[in-house]
Amino acid sequence: MADSKFYRYIFVLIITAARIPFAVAFACVILLSEATPEKIQHLILTSTPLAETCLALLILGELTDFFDGMLARKLGVVSEAGAMLDPYADSISRIIIYWALAGIGLVMPVVPIVMACRDITVAYSRVILGKAGKSVSAKWSGKVKAVIQGYGCVLLFLQPYLWSWNILGKWFIQVGSWIIIVVTIASMLEYIKAALKEMGHLTKTPA
């Protein structure tokens, strides 16, 4: 029985971690295609295998994010390790994805930088919370951020399909990028607030 639970636990962790190789594969496929901002609309619209492969990798990554927590609860293997691995896998995979999108001109280059700075700040906040004995699992603002970033990367990739690139494409990139930037920064503030509260307790010295 113990072995069965262990295997279920490892199975869920593998699903959580799987979005990292999915993101790496997406970046490799799209960057090795040698796309440029000038060619991206033609490339995505005319190269069906490329578009389908990239879209499948994005969707598979998001599905792992959707199902891992559900499976952990259903299989009875919810753990603090899983709670830490989940945001880590989210951070690494989405930074890779948005870095690749920035590389072909489908998102502002500052977006993956903001995401990386946010995730480093949150990581240190979690260290403080962990030392204070508080949960390091994702907060609601982090979950909202994950949803926006998840849907955002799919929409940004698909937007050459949705409307005229010359008329609305660049506008959508600017607006979409700023929405992601604002949501990402806002999600950081909840963690900073919680960490600062606990840091006050940790810095107190015995009388």
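How do Y9, Y124 line up, fewest other C-beta atoms within 10 Å first?
Details: Y9 18, Y124 12.
Least to most surrounded, the residues fall as Y124, Y9.
If the limit is 32 Å between Cα atoms, which of K5/K197; K5/K193; K5/K143; K170/K197 go over it? Don't jump to the answer; show the numbers that get you there.
Details: K5/K197 36 Å; K5/K193 36 Å; K5/K143 27 Å; K170/K197 42 Å.
The answer is K5/K197; K5/K193; K170/K197.
Enumerate the amide H contacts of A18 below 5 Å, restricted to partners 5 or more residues apart or on another chain; note that Pro and chain-start residues carry no placed amide H.
none
What share of all Cα pairs of segment 49-98, in percent, falls into each consecutive 10 Å distance bin?
For segment 49-98, the pair-distance distribution reads 23, 45, 25, 7.
Every number in this text was worked out from the coordinates using simple rules, so none of it is lab data. Please read these numbers as outputs of a predicted model, since none were measured by experiment. Cβ coordinates were reconstructed from backbone atoms using ideal geometry, including for glycine residues, and neighbour counts include every protein chain displayed.
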